[in-house]
Every structure is written in structure tokens, then in C-alpha cells.
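Below is one structure, written out as C-alpha cells, with a few remarks after it.
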Amino acid sequence: MRLRPLIVCLTALALLPLSSPANAEDPAPALTPPPAASTPAPSPSASPGAPEDSPSPTPSTPEEKVEDGLGVDGGSERAIVELTDPAQAAPVATQAAAKSVDVLLQPQSQSFMVVQGTAEELAKLAEDPRVSSIHRDRTYTPADVAALDGSNLTQIGADQVHAKGITGTGQTVAILDTGIDTDHPAFGDRIVAQACFSAVEPGVESLCPNGRTEEIGPGAASATTPKCLAGGVNLCDHGTHVAGIAAGSGGVAPGAGIVAVQVFSRLDDEDVCGEPSCLLAFESSLRQAMDYVAGLSQPVAAVNLSLGGELTETDCDASEEGAIFKPKIDALLARGTATVVAAGNEYFEGTSYPACISTAVAVGANDGGDAIADFSNRGSLVDLFAPGVDIESAVPDNATAVYSGTSMATPHVAGALALMKEAGPQTPMADLVNTLKTTGRPYVYEANGTQVTTPRLDLAVALADAAPQPPITQSPNPLPDPGDSSVPDPEPDDPTDPAPDPAPSGQPVPLPTVTVTVTVTPSPVTTAAVCTRGTAAKKMAAKAWAVEIHRSSGKIPDATLNCYLKLIAKASKVFPELTKASSLGKAYRVLKNTKTSKAALDSAVLTAWLNWAHGTNGTTALTAAEKVRMSSKPSAATLKKAAKNVLKGVK
């Protein structure tokens, strides 16, 4: 099962493991450093139909149709089968089922279906000329959360806009997240539509109240169903918190309507989650949800996606994921709806998917002192900063909680666009987004070796005739705190292993924004830490990392190490796709096992990823090594050479 979580940019909602490269001497990962930006990046294109940048060539053979690494180590994989024509979905599904591939999802009027099959079965399916490509059904997770005490609204000038009678009335904001507490007093009667698209497969459960993969209508996005509860904790509080920031009674657009869409599924697998339970949003669910919003009759000012996946320093329009999501983002923009996406909480000079798509609005987080939040991603791909530190907002059961993360910053911008649309209903949405960029307070800082200027949301200038604020030059951030060292040591996850291999405890581990395991509901006065990359930038060999990961034998807290593994699971294609390393015990065994060429490469790659999570940069050799590991039949010599190249950057 492919776990590529989309992170919700919060602090308390850590849903799935995140990850990123860890090599130090190689140049940046398959990411080319973005050009410097002396002014804010251009607004989403006003002509969404414009051609995309050099898309990948259309696969011409069955082998080219199947994504690299899909099922190469045995077992079955959940995969999306892209079809040349929506009308072929039923006949292809019937034929596929007859050949022992399990058909998991067959959406109506969609040019894709979801199947479960082995590498051999998927390769056979790829021979059908009606199949254009087959790839993993990638997953995304909610991120981290913060708290709203009213100061965030003052900082962005929302209070001045409200005083002018502009509250978002007549507009709606769509929250594609973990559902919503429909009875929370913060929303009154302003929830105008609900839907649920929640993938299922063995071990993955639907969060739709009806238990199926789809539900539309009142109550469909409820965040208080039994499946949302685990050990007395509500796993689905993230969506309610995000909705409260965007359009709650104390939010940015308190007069706007809310379209609530549940897009997550529940997974009870500690090996994958790093905790007993977590939530995942599959690509197939997100695609259905975005099409649902595009088909609504009421005006939707913004779609809010407080989640994220893989990291990149350049726009991802021409990537496989970009080629799927950009047309949907463009279609929404053409009907007057902006797609606002969390940039991510990895302290990375770039963004996560799908914030990297050029026509999305990528949002980073700032604190109350007008400084970029230490966990926030940044750089020329980020369109706007907005408050994302210690934000108090609604959570299920008529309560409130304080969270931090780019997940919290994103709905500030979504709500702001509802205000902008009310004030200028005939103005194209691309122009409204551009107005927010040109009127925002400039943050000037260094990213990828160049000076970048990114505006911080300022509605007082955009809508209340206030004077523009002067630029603020950002100082380098101190070392982010990736976790709370007070979390107790986990128990060994395999009692038969001679070495004491730690596994995650049942207590919550603070996570980042791009892969999230929602298992913590902080109290109204408690702020959870955001899981993010370290800045120590110290390279260590596999042996040294094994010492750190071994119970109580190193200096790095277990909570920080668990955070690193979550970051790695987000950025890597090998972990956890081919090799499980989401718990401390499993990561220890991967680092120590070098008996075969594949195992030695896994150890080298995990070492490099850990160094990356610890703060080192450069992943060219690491990216190349992962490509070798994902190939179907690599030779022992090729595996050894890839491992050697990766380890060059560690010594």
C-alpha cells in the first residue's frame, strides 16, 4: 500500500510519517534550486487552459505505463488505473476483475478506477490499450494545528474589514479535510453542503457515516462518528479546527457558508502510522472531492487543502501528480474558485505537493511577531504567509483547541478570499489572489542561496484602505524543536529480536504537516509542537544513527527520532513503499542489516534520509539511489554502486 500522506499543516494533527532526503554533499534532490524572487511570485494564471511546462511523454509500452517500483518486492498494491475514456471504465473493470485484480473503486463519469493487484497482474492490465497509465493511489495526511485568540485577526487586518460590514456573506469556503462537527456553535446554520469520499481496502476503513466510500448530503462529513474516535481521542478534529479559522464565528469570514468534505480514511497500523491509528487521504478521494466541489451550484470562493505530500523546490506542474491535480485546480479557478494549499511544516526551502502547483495558492506560516514560523516551509514557491502559530479554533464536542502549523495558516487565506469575493463579486479570482499578494506585508529573507520576498496576508490594505506596511527582513531561525523529549521510551516492537528495538508508544507523538497521524487533542491552553526538520546539519554514519535509535543509548530524544521517521516517510519513495522504517525498532533493523545488496542500499538510503531530517542538504545521489532501488530487477553491482554513492556524502 502506497502511503504518500498529504500533510495537514497543523501542530496537533500529526497524521502520517513525513520524510525527506538526508544526504549532505550532493546538490539538492531532483529539485533544481528555484530562481530568486525579488517580488512575490506571480498570481495563479488567469488563463487556466494555458499549456503546461514540458509534460512527460505519453507511455507507449505496457512497461512504461506502470509506475516504477509498483509491487517490485512482492505483494499486492493499491493502484489508480488511468483510462483513455470514462466510458471504458465499466468494461475495463469487468475484464480486470475477471483476471483476479480486485476492483476497489469505480467512480461514475471518471476516467480512472482503483484496483489492488500484484506487479504481474498490473503489468498484464497495462497491456490493455484502453489503459493509459497505472500508478500508486498516493496518500496525504493532515498536518499540525494552532490557536486563535483574536490577535491573528488583528494582525492581518480582518477586524478592520469586518468593521466595514464585509464578513464573507454570500460566499462559501470548501474545506476538504477530516470532516466537521456539524453541531458546533461556531458554525451555526452556515454549513451549506456536505460530502464524504473515503477510500477503503484491507486495513483501511471509511470515515463516511454510512461506512461506504462515498456519501453526499446532510451529515456526510460528520467528524463525530464512531470511526473518528480512538481511545477517547477524536482523530477527526483537524477539519473542524481548519473550518473554524476560515469561517467560524470567530474566524476570518464569519458570514461565509461552509462546504465540508471528508476526504480521509482511518488506518489502524502502528507500523505505518508510527502510532496505533492515523488518518490518510488517498489521491482517488481527493480527485472525487475536487470534482464534487467543481459541480456545486453555489459560488465557492476557495477550496482549502491543509495537507501535503512529497517535497520539492520547483513547481511540479509537469510531474505525475501535478499533471493530475493541475487541471482540476485550473478548472476550479476558471469558475472563480481558488485552491489554497498548505506549504508544509518541514522547515524546507520549497513546498510539498500539491502546493507546488503553479496555479494553487501556497501558504506558509508566520507568528504573532511577524516572523516566519520556525517550522514553516518557505521560498519562491510560497505565495503568501499567514498566522499559523498558537491559533485557537473550534474542535468537536463544542470545544476549542490551540494548534500551530501551515494547516492553520492556510484557512486564513481561504477565508480572506471569501471576503475579497464579497467585496468584488465580478473581479476574476486570479486578480483577487494577486491583490492579496501585492498588498501583503513583504517578508524579505534568504532561501536556496538567493533573496526572496514573500507577502504576509494584510486585509487592512487590501480591503480597508490602510497604508501598506514596510518590508520586514527575516533573521535566520533558531533550531526548530521537532518534538517533545518528554515522550516515554517506546517498547520493543519485536520481542524476538536480540536487540531492544523501540517501537512507538501509545502516547501521541508531535508530527509535521505533510503526513499526519491525528491522535492528539490538545487542551484549549496547550500548544503542541510541530514536527519539522532539525538544523544541526551534522552528518552521521549508519552506525551512529543505530546508536541514537537504540533505546536510551543516544543523545537525540525518541520523540525527535520519531518525528524524523515521519518526515522521511513523506519524502522518500522507498520508505515505506518497499521497506518499513516507520518505527524506531524497524528503522534500527534497517540500519543494521547489510547482508544483501538490497538491504545494504536500504541502510545507506535510510542513513542519508536521517541526515537530511537532521538538517543536512543535498540529495542528488540519494534520489538516484532510490530510483535504482525502485527498479524491478537491479543487479547486485548496480545496488552496490548506488549504496557507495550515497555513503560518499555521509563520511
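The values are calculated or read from the model by the stated rules, or taken from the named source; none is laboratory data. Everything numeric in this text was worked out from a predicted model, so none of it was measured. A quick note on method: Cβ atoms are made from the backbone with ideal geometry, for glycine too, and the neighbour counts reach across all protein chains shown. Accessible surface areas use protein heavy atoms only, side chains included; no ligands, DNA or RNA. Shrake-Rupley method; radii C 1.70, N 1.55, O 1.52, S 1.80 Å.
Short-range pairs are left out: with C-alpha atoms under 8 Å and at least six residues apart, the relative contact order of segment 76-137 is 48 percent.
Taking one quarter of the surface of the convex hull spanned by the alpha-carbon atoms of segment 533-616 gives a direction-averaged projected area of 4.7 nm².
At full extension, Gln108 and Ala399 could sit 101.0 nm farther apart than now, given 0.36 nm per residue minus the alpha carbon distance. In the context of the full protein assembly, Lys65 retains an accessible surface of approximately 30 Å², using a probe radius of 1.4 Å and ignoring ligands and nucleic acids. Put a dot 7 Å past the Cα of Ala98, heading toward its Cβ, do the same for Gln451, and the two dots end up 6.8 nm apart.
Could you state the accessible area per residue of segment 76-137 in Å², with a 1.4 Å probe and every protein chain left in place?
Values: 2540 Å² over 62 residues.
With all protein chains present, segment 76-137 gives 41 Å² per residue.
What is the sum of charges around Leu229, taking Lys and Arg as +1, Asp and Glu as -1, for the other residues whose C-beta is under 13 Å from the C-beta of Leu229?
After counting each charged neighbour, the total is -3.
Near the amide H of Ile258, within less than 5 Å, lie the amide hydrogens of Val173, Ile191, Val192, Ala193, all on another chain or at least 5 residues away, with H placed in the peptide plane. Using the Cβ-Cβ distance between Lys595 and Lys124 with R0 set to 45 Å, the FRET efficiency from 1/(1 + (r/R0)^6) comes to roughly 0.85. For segment 243-300, the solvent-accessible area of protein heavy atoms averages 19 Å² per residue (probe radius 1.4 Å; ligands and nucleic acids excluded). Within the accessible surface of segment 141-473, defined with a 1.4 Å probe on protein heavy atoms only, the carbon and sulfur portion equals 50 percent.
A Förster distance of 56 Å, applied to the separation of the beta-carbon atoms of Val547 and Val192, puts the FRET efficiency at 0.50. Applying 0.36 nm per residue to the separation of Thr61 and Ser151 and subtracting their alpha-carbon distance, the gain on full extension is 26.7 nm. Solvent-accessible area per residue in segment 176-236 equals 40 Å², computed with a 1.4 angstrom probe and all protein chains kept. Glu446 sits with roughly 110 Å² accessible to a 1.4 Å probe, with DNA, RNA and ligands left out of the calculation.
Using a probe of 1.4 Å, the accessible surface attributed to Thr400 totals some 50 Å² when neighbouring protein chains are kept in position.
Charged neighbours of Pro468, selected by a Cβ distance under 9 Å, balance to 0 (K, R count +1; D, E count -1).
For segment 76-137, the share of accessible area belonging to carbon and sulfur comes to 49 percent (1.4 Å probe, ligands and nucleic acids excluded). Mind listing the long-range amide H neighbours of Asp269? Cut-off is under 5 Å, sequence gap 5 or more, other chains count too, H placed in the peptide plane at 1.01 Å from N. Amide H neighbours of Asp269: Cys278. With a simple spin-label model that places each label point 7 Å from the Cα along the Cα-to-Cβ direction, the separation between Arg212 and Asp465 comes to 5.4 nm.
Please tell me the relative contact order of segment 533-616 in percent, rounded to the nearest whole number, where contacts are Cα pairs under 8 Å and at least six residues apart. Across segment 533-616, relative contact order equals 47 percent.
Taken along the Cα-to-beta-carbon direction at a fixed 7 Å, the label points for Ser475 and Lys580 span 4.6 nm. Charge tally around Val590: other residues with Cβ under 9 Å, Lys/Arg +1 each, Asp/Glu -1 each, net +3. May I have the pair-distance distribution P(r) for segment 141-473, computed from all Cα-Cα distances with 20 Å bins from 0 and rounded to whole percent? With a bin width of 20 Å, the distribution comes to 36, 59, 5.
Classified by the C-alpha gyration tensor, segment 76-137 has a rounded form. Its axis ratio a/c, with a ≥ b ≥ c, is below 1.5. In terms of overall dimensions, segment 189-302 has a Cα radius of gyration and Dmax of 14.4, 43 angstrom.
The calculated FRET efficiency for Lys555 paired with Gln426, based on their beta-carbon distance and R0 = 51 Å, is about 0.25.
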